[in-house]
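The structure under discussion appears below in the form of structure tokens.
Since every read-out is calculated from the coordinates, none of them should be taken as a lab result. These numbers come from a predicted model, not from an experiment. Methodologically, a virtual Cβ is constructed for each residue, glycine included, from the backbone with ideal geometry; neighbour enumeration extends over all protein chains shown.
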């Protein structure tokens, strides 16, 4: 760790899946993203599980493939953080403000809360982050 300490990057599920899926092109920013501390909101493990299940159902992966991919996800050492509040209205308000789903708005809220960058492959999420001046990696 350097004198400034590691930068924090909020990692969304789309970026994480691009890192581990065998048939996806790795993001050009991967070296930068993986050199920093990674965190994700409480919904991230559910989104990863959902993405893997969907890819199995679509025939893109087998159930046997999922075990190796879960190990690769775990090797990313992403710190999963709870929400700063439990008020549905606050999640709704963030979604309205950023014109996103409450799930995607959670990533922006966390990046703002921690003055962090955001790693995402989701165009709408990246555009919303750019509108408020967040550094993004895609």
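Some observations on this one:
- Using alpha-carbon coordinates, inclination of helix 88-98 to the longest axis of the chain, degrees: 90
- Taking other Cβ atoms within 10 Å as a rough exposure proxy, 91, 85 sort from fewest to most as 85, 91.
- 0 to 90° range, to nearest 10: angle between helix 102-113 axis and the chain longest Cα axis: 60
- In terms of its C-alpha gyration tensor, the chain comes out oblate, because a/c is 1.5 or above while a/b does not outweigh b/c.
- Which of 56, 43 has the fewest Cβ neighbours within 10 Å, and the rest in rising order: 56, 43
- Max mean-square fluctuation residue, GNM over the chain, Cα-Cα springs under 10 Å, options 37, 24, 99: 24
- Where both bridge residues fall in the chain, DSSP classifies roughly 0% of the beta bridges as antiparallel.
- Between the beta carbons of residue 28 and residue 97, assuming R0 = 35 Å, the FRET efficiency works out to 0.75 to the nearest 0.05.
- Note: relative contact order over the chain, using C-alpha pairs below 8 Å and six or more positions apart, is 33 percent.
- FRET efficiency estimate (nearest 0.05) - Cβ-Cβ, residue 130 to residue 42, R0 25 angstrom: 0.55
- As a rough footprinting exposure proxy, the listed residues 17, 54 were ranked by other beta carbons within 10 Å of their own, and the order from fewest upward is 54, 17.
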